[in-house]
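The values are calculated or read from the model by the stated rules, or taken from the named source; none is laboratory data. This one's a predicted model, so the numbers in the text were calculated from it and none came from an experiment. Here the Cβ is made from the backbone with ideal geometry for all residues, glycine too, and neighbour counts use every protein chain on show. Each accessible area value is taken on the protein alone, full model and side chains, heavy atoms only, with ligands, DNA and RNA left out. Shrake-Rupley method; radii C 1.70, N 1.55, O 1.52, S 1.80 Å.
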Amino acid sequence: MHIVHVSSELAPLAKVGGLADVVLGLSRELSWKGHDVDIIIPKFDCMDSEQIRDMTMDTKDLMSFYQGEWFSNTIWMGWVENLKVYFIEPHHPRFFFNRGCFYGCDDDIERFLYFSRAAIEFIYKRPLNPDIIHLHDWETAVIAPLYADMYHKIGLTKPRVVLSIHNMEYQGKCSAADLSSIGLDGTLYQEPSKMQDNLSPNLINLLKGGIVYSNFVTTVSPSYAKEVLTPEGGKGLESTLLKYQKKFKGILNGIDYSYWNPEIDRFLPAHYSPREIPANKKDRNTLDKKGFIKKLLRETLNLAEDHRPIIGCITRLVPQKGVDLIKHTMRHIVDKKGQFVLLGSSPIPSISAEFHRLKHQYTDHPHVSLTLHHQEALAHMIFAGCDMFIVPSIFEPCGLTQMIALKYGTVPIVRRTGGLADTIYDVDNSGKPFEETNGYTFDVPDATGIDSALDRAIHCWFEDPEKWRNLMVNGMKIDFSWNHPSDIYLEVYKMLHQNGNSKENQTLHK
Ligand code: ADP
């Protein structure tokens, strides 16, 4: 199969959150399974270009439509982790992707509308001729109606369109005029059955357009797929998803174990695995090396060397991630004789200021460390060097950090919601045999909830080291690789092509 992903993020060069990891991990797995995968992203000035190999100009003057005029774009092609990636560089006077950031501009809607139109124009003109166009989130969702109502009519008929929703919180709401800027008459789409926002009828909703006009829609875990059918989870789009439930499925994200793996991690000073190594073997690839990394982590972050567990947290600091619980937990962990390490940054100025105040307050504290920017290498050291990892999310579509933590033998403590509920099984009260448990969970996102789970974990760490070690190993042995999820995506892709000429499938374009 030939699959083209169109995305606003791609790890490791253009990463804000899990979307970047997912596009890379899924693409690599599909490519290893023999499929032809291309990725299209904007040519951001701030991306880490060192991650791109052999960048060459692919197309000099790709013309794309915006606000009644045609603008030229240069398309670059380069290799990222052995995947073919096309970068769209617009020659528009507003320099849409030369802003020093991935998101966060006042005109983000216009930036990604421009990108979406240019990307489908490129697929059509070059031609890439894929079997599947796979879209991700609101930033590229508008390609579904562009395909159905514009490009399908001018001869781009082979691809089927799949949309993956990574987070319902971000929907891309805009005006009808914004939609018109890329050549779809916005007023015609401002209807309940098309792209009119369900909560604010005067607005267009780009994510809704993706749901209505794609051939298939996925989200990133089975539990989240159920939650988004309720008003709380669907954030206005629940009725649309219920209407299209037949073409909607939750597929759990995977982890790319060639990148996130303590046996080979290029950012770690030592490597370890859960396997028992025969005593006579020289290469001691053992779990005890984790203790060495813990020591180095403490040195790096100026934490006291003491008999205490380190509890880590790596996250975007936004309300969804339970920022109030993170603040509360900091103090509680110190009271319970633990150490706390936070790596996070916030796009929200008030939250960012608050955490900078806390960082100042905890300066030189022997048991608390806050790092408030994006730092890939430190993230790997934290996953490996900590004993526990907290994910106290209010809602969580999938969550990757709890699965990464498991692989590094760092026991997750999570709120039981969305993908966290699908991946973490409480050692004390999940009802599963011990071998199938891997962490601690709590239900109510308040101080009592997280304290109860943390206290049980810290108690076990101090009082029952053998049980703790077995719990770590349980987590390390679970397979959350992309192998299984990529098979489910392939089933969806194949099903869409088998049904390609059926009446039902044709009507999805209407
Ligand atoms: P989301 O996509 O909602 O941000 P996920 O758990 O799906 O959350 O993915 C988060 C990804 O971003 C993980 O790979 C995590 O390690 C990474 N990450 C988050 N914040 C930072 C940071 N400050 N520095 C390095 N990596 C980070």
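Quick look at the values:
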| read-out | value |
| --- | --- |
| Unmet requirement for Lys235, which otherwise passes all of (1) open to solvent by less than 10 Å² (accessible area, probe 1.4 Å); (2) on the phi > 0 side of the Ramachandran plot | (1) |
| Complete set of residues in region 210-227 that are within 18 Å of Tyr151 (Cα to Cα) and of a type in the set (Gly, Ala, Ser) | Gly210, Ser214 |
| Residues located in region 330-348, provided they are over 22 Å from the mean Cα position of the chain (by Cα) and over 19 Å from Ala379 (Cβ atoms) | Arg331, His332, Ile333, Val334, Asp335, Lys336, Lys337, Gly338 |
| Residues of region 393-405 that turn out to be more than 9 Å from the ligand (Cβ to nearest atom) and in contact with an Asp or Glu (Cβ under 9 Å, 6 or more places away or on another chain), as a count | 1 |
| Qualifying residue in region 428-443 (condition: in a helix (DSSP H, G or I), out of contact with any strand residue (DSSP E or B) (no Cβ under 8 Å at 6 or more places or on another chain) and surrounded by 19 or more Cβ atoms within 10 Å (Cβ to Cβ)) | no |
| Pick from region 155-173, criterion hydrophobic (A, V, I, L, M, F, W, C) and open to solvent by less than 10 Å² (accessible area, probe 1.4 Å), ranking: farthest from the ligand (Cβ to nearest atom) | Val161 |
| Total residues in region 23-42, condition aromatic (Phe, Trp, Tyr) and either touching a strand residue (DSSP E or B) at 6+ places or on another chain (Cβ under 9 Å) or assigned to a loop (DSSP other than H, G, I, E, B) (or both) | 0 |
| Tally of residues being open to solvent by less than 10 Å² (accessible area, probe 1.4 Å), among the hydroxyl-bearing types (Ser, Thr, Tyr) and over 14 Å from Lys247 (Cβ atoms) across region 195-232 | 2 |
